[in-house]
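Here's the structure we're looking at; comments come further down.
The values are calculated or read from the model by the stated rules, or taken from the named source; none is laboratory data. The shown structure was predicted, so the numbers you read here are calculated from the model rather than taken from an experiment. We place every Cβ from the backbone using ideal geometry, glycine too, and count neighbours over all the protein chains shown.
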Amino acid sequence: METYPLGLALFDFVPVTIFLVGAYFLVRLAMHCRSRPTGRMAMAGALLIFLGGFLKALWKLLYTINIGNYRWMSELQFSLVAPGFLALLVTAIYIALSQHKAPRLAPVLALAGWKIPLLILMTLSAVAAHGILAFLAFRRERFIAAVGFITAFICTLGMGGLASGEQTVARQWLAESVNTMGQSGFALGCYLLYRDYAVPRKECE
């Protein structure tokens, strides 16, 4: 197994942290526009995604500093992130529908198979969620927010491609750089969209 430089191991925590900032504003947006159940669904999805990314980054750090190779931390990522993005996709759909009903929180954790189905589900859910949020931003003429979500959209597709093939150190540096750019776009878009929706007298429609 290839040895990772300490800088790469620490850099893995950057996109995870940036995502959490964006997710915070998405949860607030869901609660502002819809209901607490929608906000809780967004929060659950965000926590699953954060936990998946954090555990993978922690595994890499512990392995790099020779504490141990707890591979299960990395393997859990797909099982956590895929349903997490599915929950964010459902949240984005509810926000876009602009109906003031509290949704029934149907189970979204029943997944079959292993990495390939989970990777497909994760990528499709993330891409769809970013697309819907970009549409909302365009509709409200918040073009910088839209650019942020489009950046996240493109980077998610890029991450899907980088997940296959040999995971060399150079490839992982590239993947984490793309991931950081995408999460930065997501965080910026969520913040600007929430700020726009939260302005007094503006309706969530």
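Which ones in the stretch 67-111 are surrounded by fewer than 21 Cβ atoms within 10 Å (Cβ to Cβ) and at pLDDT 90 or above? Listed by number, the list holds a single entry, ILE67. Within the stretch 132-153, being within 16 Å of LEU89 (Cα to Cα) and under 16 Å from the mean Cα position of the chain (by Cα) holds for ILE132, LEU133, ALA134, PHE149, ILE150, ALA152, PHE153. Cβ-Cβ contacts under 8 Å between residues 6 or more apart (or on different chains), taken from a first residue in the stretch 151-162 that is farther than 10 Å from GLY185 by Cα to a second residue that is basic (Lys, Arg), are listed as LEU162/ARG171.
If you go through the stretch 1-39, how many residues are under 21 Å from VAL178 (Cβ atoms), charged (D, E, K, R) and modelled with pLDDT of 90 or more? Final tally of qualifying residues: 1. Sub-9 Å Cβ pairs linking a first residue in the stretch 42-59 that is within 20 Å of LEU8 (Cα to Cα) and in contact (Cβ under 8 Å) with a residue 12 or more places away in the chain to a second residue that is outside any helix (DSSP H, G or I) and polar (S, T, N, Q), at least 6 apart or interchain, are TRP59/ASN69, ordered by first then second residue.
Could you check SER79 against (1) among the hydroxyl-bearing types (Ser, Thr, Tyr); (2) in contact with a Gly (Cβ under 9 Å, 6 or more places away or on another chain); (3) in contact (Cβ under 8 Å) with a residue 60 or more places away in the chain and say which number it fails? All conditions pass for SER79, except number (3).
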